[in-house]
1. I'm trying to understand the selection: among the residues of region 1-22, which are of a type in the set (A, V, I, L, M), under 27 Å from Pro60 (Cα atoms) and not in a loop (DSSP other than H, G, I, E, B)?
2. Every residue in region 1-51 that is basic (Lys, Arg) and within 14 Å of the chain's Cα centre (by Cα), please.
3. Out of the residues in region 45-75 that are exposed (fewer than 12 other Cβ atoms within 10 Å of the Cβ) and over 21 Å from Ile14 (Cα atoms), state the one that is modelled with the highest pLDDT.
4. Looking at region 1-32, which of the residues that are out of contact with any strand residue (DSSP E or B) (no Cβ under 8 Å at 6 or more places or on another chain) and within 15 Å of Lys55 (Cα to Cα) is surrounded by the fewest Cβ atoms within 10 Å (Cβ to Cβ)?
5. Report yes if Gly29 is part of a loop (DSSP other than H, G, I, E, B), of a type outside the set (A, V, I, L, M, F, W, C) and modelled with pLDDT of 95 or more, otherwise no.
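The values are calculated or read from the model by the stated rules, or taken from the named source; none is laboratory data. This is a predicted model, so every value here is computed, not measured. Note that each Cβ is placed from the backbone with ideal geometry, even for glycine, and that neighbours are counted across all protein chains shown.
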Amino acid sequence: MQIYADITGRELKISASAQTCALGAAIFGAIAAGPARGGFADAGQAQEKLCRFKKKTYRPKPGNRRVYDRSTGFTGRCTTPSERPAGRQSVST
């Protein structure tokens with residue numbers, strides 16, 4: 001996980017759930033039910049109540065990040081496709 005944090009420049013937290021797919025399905029089922037039926041209005045609200053993280057957090061190490069930036073030619077933080085530099089739509093070599 002450390003390498004993902006270093007390459008993307010983002011802090012990573014790991015889900016405490018061993019069943020993340022089932023948890024995701026439950027979240028969207030609760031959204032579909034809606035607040036009137038005991039569910040949630042949106043994904044953010046559901047995640048706030050249902051999701052937990054392990055204590056370990058992976059933070060990017062600046063020295064490692066510089067190495068990846070030099071080797072890939074990519075500089076800047078990986079975020080969403082719309083936020084990536086023009087002409088660089090993926091982080092592949």
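1. Within region 1-22, Ile3, Ala5, Ile7, Leu12, Ile14 meet the criteria.
2. Arg10, Lys13
3. Gly63
4. For region 1-32, the residue satisfying everything is Ala18.
5. no
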